[in-house]
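Take a look at the structure set out below.
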Amino acid sequence: MAMAWNKEKKSMAWGWIIVWFILFWPLGALFLFRKLSRDKAAIMRDGKKVTIISFVLVGIGVLIYSMALEVDAAYFYMWALALVGGGVWTFLMARKMKVEGERYKKYISIVVNQGQTSIDNIASAVGVSYQAAAKDLQKMIDAGYFSGAYIDVTQREIVLARAAPPQGSASYAQSAPSAVKVQERIVSCGSCGANNKVKGQIGECEYCGSPLQ
C-alpha cells in the first residue's frame, strides 16, 4: 500500500482512490478529501479526473444493482446504494474543485503575475467582495499557495514573502558563491498559470506544486 502514496506530496494516487471507493467508499471518500486538502496541484488540474471517478462509481453501482435484482441479496443492494451515493458525492466534489480551481487561478494571476497586493483591487478584479477575497486568500495561504505570505488587515493587502536580494546588492555579494552565474528564466505553470523564476534545472511550480514544462 505504501506504493500508492506520493511521498513528496503525501497524497494517494487516483487509481488507489478508485479501488478504495469500490471496496469501501467511505474510506475512499476520506482518501479523496485528504488528497484535495494536501495536493495543491490536484485542485488546479484534476477536476476532470474526479468527475470520471464519479461516473465510474455510479456505473459500477448500477451494475451491482442489476445483479442484486437477479440474486435478491440485501448486501448487493446496500453495496450498490453506497457506490451510487459515493459517486454523486464525488461528482459534487468535482464541481466544487472546478469552481475553486478557476477562482484560485485568478488570484494567482493577479497577485503573482500582475503584482497586485491590494485586496480591494484584487476583489474588484475577481468580482467578489473584500471579505470574500480576504477569506479566499487566507485559505490559499493556509494551503501553501503563497508560502510565507500573510494578510495585513490594517493596510487591507496581502504581504508576500520577501524576495531574495538583487544580485548587485551588498547582501548578495557577501553570500553568493564564486561559481558561474546561472541565467534566470520565467516559466509559466501549465496548471495555475503562475510565472515562476527558474534558475538551472526546471522543477515544480512554487505556488501549486505542479511540474513545470
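The values are calculated or read from the model by the stated rules, or taken from the named source; none is laboratory data. Since the structure is predicted, the reported quantities are computational estimates derived from the model, not experimental observations. Methodologically, a virtual Cβ is constructed for each residue, glycine included, from the backbone with ideal geometry; neighbour enumeration extends over all protein chains shown.
Structural remarks
- All of Ile43, Ile110 fail the test of being within 19 Å of Ser191 (Cβ to Cβ), modelled with pLDDT under 80, in a helix (DSSP H, G or I) and of a type in the set (A, V, I, L, M), apart from Ile43.
- Among the candidates Gly61, Gly85, Gly101, residue that is closer than 25 Å to Asn195 by Cβ and in a helix (DSSP H, G or I): Gly101
- Restricting attention to the stretch 133-179 and to residues that are surrounded by 14 or more Cβ atoms within 10 Å (Cβ to Cβ) and part of a helix (DSSP H, G or I), the residue that is modelled with the lowest pLDDT turns out to be Ala143.
- The lone exception for Met67 - which of (1) modelled with pLDDT of 80 or more; (2) over 26 Å from Gly144 (Cβ atoms); (3) surrounded by fewer than 17 Cβ atoms within 10 Å (Cβ to Cβ) it fails: (1)
- Any hit, the stretch 42-56, residues being under 23 Å from Glu102 (Cα atoms), hydroxyl-bearing (Ser, Thr, Tyr) and touching a Lys or Arg at 6+ places or on another chain (Cβ under 9 Å): yes
- Here Tyr130 clears all of (1) without any contact (Cβ under 8 Å) to a residue 24 or more places away in the chain; (2) in contact with a Lys or Arg (Cβ under 9 Å, 6 or more places away or on another chain) except the condition numbered (1).
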